[in-house]
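In what follows, a structure is listed as structure tokens, so that the remarks can point back to it.
The values are calculated or read from the model by the stated rules, or taken from the named source; none is laboratory data. Just so we're clear, the structure is a prediction, and the values are computed from it rather than from any experiment. Here the Cβ positions follow ideal geometry from the backbone for every residue, glycine too, while neighbour counts run over all protein chains shown.
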């Protein structure tokens, strides 16, 4: 059992945005990922990012794509943004959805993160011209939504994003402060820590889903919280 999982009971009693706890989560995960063959660290002193090729098979990717296409609705934002800020479509997979349950548990097994701290997996579809402009995945605690999120598991820690296909052109995930762009390919996984090594929100993790220029992009995303999100939101 990982150090993260063995401390689950203690984490449930901590207040949201405990920098010491967040730093430990980040440390434990990056130490674990550094030891796993087939997962490569993106070279950067500014943030912890990892890429794994062929994390999911092609047939599994296609089945999830079909579900997204059937059920996706226009994506939303926590706070109202300018027109065109986020123009994708999203499907929220249900609790224990057979299409994504094993994938969620596999991500947790690899990272050592507890499934109880994961939000529900989401699928996103980006058609030609659609995008998600530069943003952070962590919660800005000065925003109106924070009081609610603090009670619903607290701050986001790690993000896992899996590409389900490859658009013919465009659709990269751009991290401008890190000089890195993630190119979507079927089954390719990107994981990053939204906190810095001190457990504080890492402003350098600013990123964007760049416009798709040709074709369609499908991804699934799993966000993890400091606290047990699933115990509080089921």
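Here residue 73 clears all of (1) surrounded by fewer than 16 Cβ atoms within 10 Å (Cβ to Cβ); (2) within 20 Å of residue 136 (Cα to Cα); (3) modelled with pLDDT of 95 or more except the condition numbered (2). Does residue 203 satisfy being in contact (Cβ under 8 Å) with a residue 24 or more places away in the chain, surrounded by fewer than 16 Cβ atoms within 10 Å (Cβ to Cβ) and within 26 Å of residue 30 (Cα to Cα)? Answer is yes for this residue. If the condition is being in contact with a helix residue (DSSP H, G or I) (Cβ under 6 Å, 6 or more places away or on another chain) and either part of a loop (DSSP other than H, G, I, E, B) or within 15 Å of residue 71 (Cα to Cα) (or both), then region 83-112 contributes 91, 99, 112. For residue 4, the stated conditions hold: it is under 30 Å from residue 54 (Cβ atoms), touching a helix residue (DSSP H, G or I) at 6+ places or on another chain (Cβ under 9 Å) and at pLDDT below 95. The residue list 174, 148, 234 contains one member that is out of contact with any strand residue (DSSP E or B) (no Cβ under 9 Å at 6 or more places or on another chain), touching a residue at least 40 places away in the same chain (Cβ under 8 Å) and either surrounded by fewer than 20 Cβ atoms within 10 Å (Cβ to Cβ) or more than 15 Å from residue 25 (Cβ to Cβ) (or both), which is 234. Looking only at residues of region 7-54 that are in contact with a helix residue (DSSP H, G or I) (Cβ under 6 Å, 6 or more places away or on another chain) and over 17 Å from residue 159 (Cβ atoms), we find that the one that is modelled with the highest pLDDT is 16. Residue 117: over 24 Å from residue 50 (Cβ atoms), at pLDDT 95 or above and buried (at least 17 other Cβ atoms within 10 Å of the Cβ), yes or no? Against the criterion (over 24 Å from residue 50 (Cβ atoms), at pLDDT 95 or above and buried (at least 17 other Cβ atoms within 10 Å of the Cβ)), residue 117 does not qualify.
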